[in-house]
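Enquirer: Handing you this structure, nothing more for now.
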Amino acid sequence: MQAVNQIRLNREQKETCETDWSDKVEAYNIDETCARYHNQSTEVQFHPHSTTLEESASTPETWAKFTQENLCRAERERLASVHLRGLIDCILRDVAEDLRLQCDAVNLAYGRRCEQLEDARLKLEQHLHKTLREITDQEQNVAALKQAIKNKEMPLKVAQTRLYQRSHRPNVELCRDNVQFRLVSEVEELNMSLTALREKLLEAEQSLRNLEDTRMSLEKDIAVKTNSLFIDRQKCMTHRTRYPTILQLVGYQ
C-alpha cells in the first residue's frame, strides 16, 4: 500500500514538472521570438492594450518560488522513492533468504525421509526373503507329512485286512490268539500315529497359509514404499532442483 501511494505521488509530481517544463519551453520560445524582432521586422504590428498585465501574472519572485517549490517537491518525492525502494529491496532480500532457507530445510527433510523409506524397504525385503525361505521349508514339511501319512495308510490297510479276514475263521478257529492281539495293537498304534500326523499336517497347512498372507502383506508394503520413493525422489525432488535462486526470488533475474 505504501508503494502504491508513493507511485501515485511520483506520477502527480511528474505531471506537475512536465506541465511546468512545457510552460517554460513555450515561454522560452516566445522570448526567443521576441528577441529576434527589430525595426525592420515585417511581423510587428500595433497592439494598443498589450501594456496591460493580467491580474494572475506572476512576479520574478513568485516565478522563482514556484519553480523552486516544484523542484523541491520533485526531489523530495525522488528521495522518498529511493528510500522506499531500498526498504522494499531489503524486505524482498530477507524474504528470498527465508525462502531459500526453508527450501534447504525441506530438501534436508526430503533426504531424511527418503533414507527412512529406503531403510524400511530394505528391512521389508530382508523379511520377505526370510519368509520365502520359511514358505519353501513349510511346503517341504507339508509334502513330507502327506508322504508320511500315505506311508502309514498302507500298513494300516494290511493290518485291518488281516483282522477282517481272520474274523471269518470258522467255529472254534475264531480264537483270540496272540496274533489277534498283536494285530489289534498294531492297528491302534497306526491309528494314533495317523491322527498325530494329520494334526501336524493341519497345523503345517495353517502355518503355510499364514506365511502366504505375510508374504502378500510384505510385497504390498514393499510396493508402497517403492512408489513413495519414486514420488519423492523422481518427481518431487526433480521439481525442487528448479527452485529459483535468491536473485530470481528478489526479481533481479
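The values are calculated or read from the model by the stated rules, or taken from the named source; none is laboratory data. What you see is a predicted model, and the numbers here were worked out from it, not measured in a lab. Positions of Cβ are backbone-derived with ideal geometry, glycine not excepted, and every protein chain shown enters the neighbour counts. Accessible surface is based on the protein model in full, side chains and every heavy atom, while ligands, DNA and RNA are left aside. Shrake-Rupley method; radii C 1.70, N 1.55, O 1.52, S 1.80 Å.
Enquirer: Excluding ligands, DNA and RNA, what is the solvent-accessible area per residue of the range 69-175 at a probe of 1.4 Å, expressed in Å²?
Expert: Per-residue value: 72 Å².
Enquirer: Please arrange 118, 199, 97 by accessible surface area, largest first, computed with a 1.4 Å probe and ligands excluded.
Expert: From most exposed to least exposed: 199, 97, 118.
Enquirer: While we're on this one: Which of the aspartates and glutamates could be linked to residue 200 by a straight reach, that is with a Cα gap under 15 Å, when you skip same-chain ones fewer than 8 residues away?
Expert: Reachable aspartates and glutamates: 137, 139.
Enquirer: About the Cα centre of the chain, what is the dipole size in debye to 20, counting +1 per Lys and Arg Cβ and -1 per Asp and Glu Cβ, all else neutral?
Expert: The dipole magnitude comes to about 2620 debye.
Enquirer: At a Cα cut-off below 26 Å, give the lysines reachable from residue 24, other chains included and same-chain residues fewer than 8 away excluded.
Expert: Within the straight-line limit of under 26 Å, residue 24 reaches these lysines: 14, 65.
Enquirer: Please give every one of the lysines within straight-line cross-link reach of residue 220, meaning a C-alpha to C-alpha distance under 29 Å, and leave out same-chain neighbours fewer than 8 residues apart.
Expert: Leaving aside lysines fewer than 8 places away in the same chain, those within reach of residue 220 are 123, 130, 235.
Enquirer: What ³J(HN,Hα) values, in whole Hz, does the Karplus curve 6.51 cos²θ - 1.76 cosθ + 1.60 give for the range 139-154 when θ = phi - 60°, with x put for Gly and Pro?
Expert: Running phi through 6.51 cos²θ - 1.76 cosθ + 1.60 with θ = phi - 60° gives 4, 5, 5, 4, 4, 5, 5, 4, 5, 5, 4, 4, 5, 7, 5, 5 Hz.
Enquirer: Relative to 2.2 N^0.38 Å, what does the C-alpha radius of gyration of the range 142-204 come to as a ratio? Two decimals please.
Expert: Numbers: Rg = 14.7 Å, N = 63, 2.2 N^0.38 = 10.6 Å.
Dividing the Cα radius of gyration by 2.2 N^0.38 Å gives 1.39.
Enquirer: Let me ask something else. Positive end of the dipole of the chain, charges at C-beta (+1 Lys, Arg; -1 Asp, Glu), about the Cα centre: which of 21, 222, 116 has its Cα farthest in that direction?
Expert: Value: 222.
Enquirer: Does the range 48-121 classify as rounded, prolate or oblate by the C-alpha gyration tensor (a ≥ b ≥ c root eigenvalues; a/c under 1.5 gives rounded; else a/b over b/c gives prolate, otherwise oblate)?
Expert: It comes out prolate by the Cα gyration axes.
Enquirer: Let me ask something additional. For the chain, which whole-number percentage of the solvent-accessible area (1.4 Å probe, protein heavy atoms only) is attributable to carbon and sulfur atoms?
Expert: Numbers: 11110 of 19730 Å².
Its accessible area is 56 percent carbon and sulfur atoms.
Enquirer: I've got another one for you. Could you estimate the translational diffusion coefficient of the range 95-253 from the Stokes-Einstein equation, with Rh from the Kirkwood formula over C-alpha pairs, at 37 °C and 0.692 mPa s, in whole µm²/s? All intermediate terms of the calculation are to be shown ahead of the outcome.
Expert: Numbers: Rh = 22.2 Å.
Diffusion coefficient, whole number: 148 µm²/s.
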